[in-house]
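**Student:** After the C-alpha cells below, expect a handful of questions from me.
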C-alpha cells in the first residue's frame with residue numbers, strides 16, 4: 001500500500017488538541033477508494049456515532065493505543081507486510097504491532113469468540129483469491145476518521161495479481177447493524193522493491209504507556225514542553241476508574 005494513505009478520510013479530521021504539533025499531528029488526505037459515489041452508507045444512528053468518534057479520535061482510535069489493526073484496516077495502513085503462501089495456508093505478517101493473520105485454504109473451525117483480526121477462509125476462482133472474513137470483533141476502526149463497524153461485520157476480499165509487483169485488492173463490507181447496504185473499497189497493493197527489503201516489526205506497545213496510564217501516576221512524567229515558538233502545559237484530568245477502564249479497552 002502507498003505510504004500515508006488512509007482511504008476513508010474525505011476531509012481533514014478536526015482534532016484541535018493535535019494542532020500544536022504541526023505536521024506530526026496531521027492526517028494526510030487521499031483520493032478515496034470507496035466505490036460508487038464515495039460515501040459510506042451509514043444508518044442515521046451509526047452516522048452520529050461516526051461523527052462523535054471523529055471528534056474524540058485522539059482518545060478512541062485503537063491504532064493510537066497500538067492495538068491490533070483489524071481487517072481490512074491492516075491491509076492499507078502505511079506499514080509494510082509480508083504475504084507467504086504454503087500448500088493450504090496463506091500467512092500475512094504485519095509490521096504494525098506485530099500483527100498477523102492466517103487465510104485458511106482448508107476447513108478450519110472458526111474461533112468461539114470474535115477476534116481482532118477475524119477468521120479468514122479462502123478459495124481460488126481462477127487467478128483471484130477470494131477470502132471470506134468473519135468473527136471480527138467490534139473494537140477495530142477502519143481508519144483515523146472514526147469510521148467503525150460492529151461485531152456483525154462480514155468481509156469478502158478479492159486479491160488479483162495485476163503485475164509481478166502489484167496486486168489489485170478489493171473488499172466488500174457488510175454489517176447490517178451499522179450500514180444500510182454492502183459497500184466496496186478497491187486499491188492496488190504494491191511490492192517493495194528494495195534489494196535488501198525485510199519486514200521490520202513496529203512494536204509500538206511501549207510507547208502507549210503514558211498515553212493510556214499517565215493520568216494514574218502520582219507524579220506525571222511530563223508537565224511542560226517548551227519549544228522556540230510554543231509552550232505546552234500537559235495536564236492529566238482525573239478520570240473515574242470505570243471511565244478509565246472503558247478508555248483503555250475501547
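FYI, it's all coordinate maths here, none of it is from the lab. Computed from a predicted structure; not experimentally measured. Here the Cβ is made from the backbone with ideal geometry for all residues, glycine too, and neighbour counts use every protein chain on show.
**Student:** Could you compute the FRET efficiency for residue 58 and residue 132, with r as their C-beta to C-beta distance and R0 at 41 Å, rounded to 0.05?
**Tutor:** Numbers: r = 34 Å, r/R0 = 0.83.
Between residue 58 and residue 132 the formula returns 0.75.
**Student:** Okay, next question. Along the principal axes of its C-alpha atoms, what lengths does segment 46-155 span, in descending order and rounded to whole Å?
**Tutor:** Answer, in whole Å and largest first: 45, 27, 27 Å.
**Student:** Can you order the peptides 137-145, 217-225 by their average number of other Cβ atoms within 10 Å per residue, highest first?
**Tutor:** Values: 137-145: 20.6, 217-225: 9.4.
The most tightly packed comes first, giving 137-145, 217-225.
**Student:** Round to the nearest 0.05 the FRET efficiency obtained for residue 125 and residue 211 when R0 = 41 Å and r is the Cβ-Cβ distance. Display every interim value, and only then the final one.
**Tutor:** Details: r = 44 Å, r/R0 = 1.06.
After rounding, the FRET efficiency stands at 0.40.
**Student:** Continuing with this model, one more query. Roughly speaking, what % of Cα-Cα pairs in segment 16-202 are separated by over 24 Å, rounded to a whole number? Display every interim value, and only then the final one.
**Tutor:** Values: 7101 of 17391 pairs.
Everything past 24 Å amounts to 41 percent.
**Student:** If I stretch the segment between residue 108 and residue 203 completely, what's the gain in nm (0.36 nm per residue apart, minus their alpha carbon distance), one decimal?
**Tutor:** On the way: separation 95, 0.36 × 95 = 34.20 nm, distance 2.91 nm.
Computed gain between residue 108 and residue 203 is 31.3 nm.
**Student:** Compare the peptides 184-192, 146-154, 226-234, 121-129 by average per-residue count of other Cβ atoms within 10 angstrom and give them in order, highest first. Walk me through the intermediate numbers first.
**Tutor:** Numbers: 184-192: 15.4, 146-154: 19.2, 226-234: 8.8, 121-129: 12.7.
Top to bottom by mean Cβ count within 10 Å: 146-154, 184-192, 121-129, 226-234.
**Student:** Still on this structure, I have one more. At residue 85 and residue 35, where each label point lies 7 Å from the Cα along Cα→Cβ, what is the point-to-point distance in nanometres?
**Tutor:** Reported label-point gap for residue 85 and residue 35 is 2.2 nm.
**Student:** What nm distance separates the two modelled labels at residue 181 and residue 151, each placed 7 Å from Cα along Cα→Cβ?
**Tutor:** It is 2.9 nm.
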